[in-house]
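Read through the structure below, which is laid out as structure tokens, and then see the notes.
The values are calculated or read from the model by the stated rules, or taken from the named source; none is laboratory data. Please read these numbers as outputs of a predicted model, since none were measured by experiment. Positions of Cβ are backbone-derived with ideal geometry, glycine not excepted, and every protein chain shown enters the neighbour counts. Heavy atoms of the whole protein, side chains included, go into the accessibility calculation; ligands, DNA and RNA do not. Shrake-Rupley method; radii C 1.70, N 1.55, O 1.52, S 1.80 Å.
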Amino acid sequence: MLIYNSKTHKKEEFIPLEPNRVRMYVCGPTVYDQIHIGNARTFLSFDIIRRYLQYKGFAVVFAQNLTDVDDKIINRANEQGISADELAKTYSCAFIEQMHRFGILDPDIRPRATAEIEHMQVMIQILIDKGHAYVADNGDVYFSVRSDHNYGVVSGRQLDDMRAGERIEVNDAKRDPFDFVLWKAAKPSEPSWDSPWGKGRPGWHTECCAMIHRYLGTPIDIHGGGQDLMFPHHENENAQASCAWDKPLANYWMHAGMLRVDGEKMSKSLGNFYTLKEVLDAYPADAVRLLMLQTHYRAPLDFSFERLNGARGTLQKLIGCVENLRWSAEQSGESGALGKAEQALGNAVDHAQIEFETQMDDDFNAAGALAAIFNLMAHANKYLEEAGAHPCVAPMLRCADMLCELCSVLGITLAAKTSELPAEIIDLAQKVTQQSASSCEEAARLLIMARAEARSNKDWTRADAIRDGIAELGLMVEDTANGTRIKVKN
Ligand code: AMP
Ligand code: ZN
């Protein structure tokens with residue numbers, strides 16, 4: 001299995017530190033607002049990576065922090081006249097809620113920065129003792145970047161090529177403009193904690209590093225985040241770990257590409273964002289997943305509602321295909337000898353699984369894996385069309401199961417939830433046929449018979465009225481080679 005390691009700029013064979021066990025960390029959100037779909041893209045990318053590693057049989061231990069103390073949180077809380085803690089709690093809950101809606105698996109460990117202060121202080125003290133950090137005149141503690149001879153290994157940047165002030169905060173307290181803050185001296189009315197260097201709070205880069213060390217041990221196998229975190233965040237995290245514990249922070253550094261709108265990175269500061277919540281209020285989570293997964297996780301992803309509508313249509317086709325396969329199998333009951341067409345479908349099922357794994361083994365190419373799924377769907381549709389009234393049960397069910405299984409590795413559920421008919425169909429059947437049905441399925445059968453009868457009597461008005469009544473319930477009548485059925489409208 002190959003993983004693209006940002007640190008070496010190449011795909012490398014994945015060899016975890018312990019056989020069959022993967023320790024993985026992905027930087028979590030700063031909880032000051034609802035997350036946007038760009039953030040969600042990064043979290044989705046690593047959800048898929050984690051799910052696939054599990055599918056391959058690895059026991060994955062996955063940790064993700066919540067940054068619940070930070071300038072943005074403090075400023076927003078001040079604007080709203082509430083405490084930083086209250087604001088952070090509100091948006092931590094909101095984040096977890098949206099992650100659940102989006103089908104992202106919970107991390108095994110979800111540390112909050114404010115609950116880990118003691119461990120960050122231990123690390124900072126080690127860095128001071130080893131001469132890699134210093135207490136500045138203003139009470140801040142800084143990491144001395146030039147004391148780390150390996151600085152730049154994660155992002156591939158050389159100190160001499162960097163310009164201070166570009167992405168590096170310049171201030172007078174630092175000995176060198178490249179130095180970064182480990183501990184910020186408290187300002188009045190800001191949340192703060194006691195420390196050997198006076199009251200203050202941790203720097204952002206310090207959190208993840210201390211949490212990784214505490215919960216997973218260093219080095220870990222996989223460290224991930226969005227590409228924008230590679231420098232300086234990940235570089236600085238790695239510098240602290242290598243200087244404090246003489247070990248790199250992670251063996252494989254993975255970075256998700258940025259989600260863009262009109263060619264520009266989606267971000268709060270540019271104001272060109274859609275929150276995950278507003279998108280999930282309007283679209284099924286799996287459609288959003290499908291859209292995102294159609295682009296390789298490392299490539300930039302251009303978001304548009306047009307593409308999202310397309311993905312929703314594709315999702316419906318997949319659900320419809322599985323539904324058709326299962327329904328046709330139920331109707332047909334034909335278990336006869338396997339002919340050429342059945343063998344071809346069986347081969348397509350085998351091939352889809354192999355192709356899916358080949359693509360995912362190649363640096364989690366979910367776009368390629370989806371192409372394998374779409375290809376299988378095309379085979380299934382062709383089989384259904386050509387098999388006519390007597391399709392063979394076994395290969396259809398195998399194909400439906402495979403489509404569901406492969407999609408589930410990508411966190412997409414195809415189980416035909418949509419075939420559930422609403423209870424109102426019983427009243428409709430009663431009204432149309434004056435017969436009472438004891439289940440939705442029976443009501444559907446009565447309506448299908450009534451419509452067929454009307455059509456054979458050339459009573460088009462009645463046939464249309466039945467169809468319209470069905471449509472009003474959000475359902476549709478579908479005529480197939482295997483008979484007629486009523487299903488939820490795609
Ligand atoms: P933040 O809360 O800003 O630290 O962001 C949380 C995660 O979202 C980080 O891993 C970022 O790299 C990632 N992220 C931020 N903006 C985008 C974007 N436009 N596309 C993809 N990932 C993003
Ligand atoms: Zn981090």
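I need every pair where a residue in segment 213-230 that is within 16 Å of ligand 1 (Cβ to nearest atom) has its Cβ under 6 Å from the Cβ of a residue that is open to solvent by 10 Å² or more (accessible area, probe 1.4 Å) and assigned to a helix (DSSP H, G or I), sequence separation at least 6 or different chains.
Short answer, once both residue conditions are applied: Gly226/Thr42.
Only residues that are in contact with a helix residue (DSSP H, G or I) (Cβ under 8 Å, 6 or more places away or on another chain) and either exposed (fewer than 14 other Cβ atoms within 10 Å of the Cβ) or touching a residue at least 24 places away in the same chain (Cβ under 8 Å) (or both): list them for segment 466-478, please.
From segment 466-478, those in contact with a helix residue (DSSP H, G or I) (Cβ under 8 Å, 6 or more places away or on another chain) are 466-467, 469-470, 473, 475-477; that's our starting set.
Those that are in contact with a helix residue (DSSP H, G or I) (Cβ under 8 Å, 6 or more places away or on another chain) and either exposed (fewer than 14 other Cβ atoms within 10 Å of the Cβ) or touching a residue at least 24 places away in the same chain (Cβ under 8 Å) (or both): Ile466, Gly469, Ile470, Leu473, Leu475, Val477.
Taking the condition of being within 10 Å of ligand 1 (Cβ to nearest atom) and not hydrophobic (A, V, I, L, M, F, W, C), how many residues in segment 241-268 meet it? Walk me through it before giving the result.
Within segment 241-268, the first condition is being within 10 Å of ligand 1 (Cβ to nearest atom), and the residues that meet it are 255-261, 264-268.
Among the residues that remain, those that are also not hydrophobic (A, V, I, L, M, F, W, C) are: 255, 257, 260, 264-265, 267-268.
Selection size over segment 241-268: 7.
Counting only residues that are touching a residue at least 60 places away in the same chain (Cβ under 8 Å), open to solvent by 30 Å² or more (accessible area, probe 1.4 Å) and among the small types (Gly, Ala, Ser), how many does segment 388-414 have?
1
Report whether or not Tyr52 is within 23 Å of Trp204 (Cβ to Cβ) and hydroxyl-bearing (Ser, Thr, Tyr).
No: the conditions fail for Tyr52.
Tell me which residues, restricted to segment 193-245, are in contact with a strand residue (DSSP E or B) (Cβ under 8 Å, 6 or more places away or on another chain) and aromatic (Phe, Trp, Tyr).
Trp193, Trp197, Trp204, Tyr215 - these are the residues of segment 193-245 that are in contact with a strand residue (DSSP E or B) (Cβ under 8 Å, 6 or more places away or on another chain) and aromatic (Phe, Trp, Tyr).
What residue, of Lys199, Lys184, is touching a Ser or Thr at 6+ places or on another chain (Cβ under 6 Å) and away from ligand 1 (no atom under 16 Å from the Cβ)?
After applying the criteria, what remains is Lys199.
Could you check, for segment 274-289, whether at least one of its residues is under 26 Å from Phe356 (Cβ atoms), away from ligand 2 (no atom under 16 Å from the Cβ), at pLDDT 95 or above and acidic (Asp, Glu)?
Yes, there is a match, as at least one residue in segment 274-289 is under 26 Å from Phe356 (Cβ atoms), away from ligand 2 (no atom under 16 Å from the Cβ), at pLDDT 95 or above and acidic (Asp, Glu).
Any chance you could count how many residues in segment 195-227 are away from ligand 2 (no atom under 14 Å from the Cβ), closer than 20 Å to Tyr142 by Cα and not aromatic (Phe, Trp, Tyr)?
6
If we scan segment 34-41, do we find a residue that is within 16 Å of ligand 2 (Cβ to nearest atom), among the β-branched types (Val, Ile, Thr) and on the phi < 0 side of the Ramachandran plot?
yes
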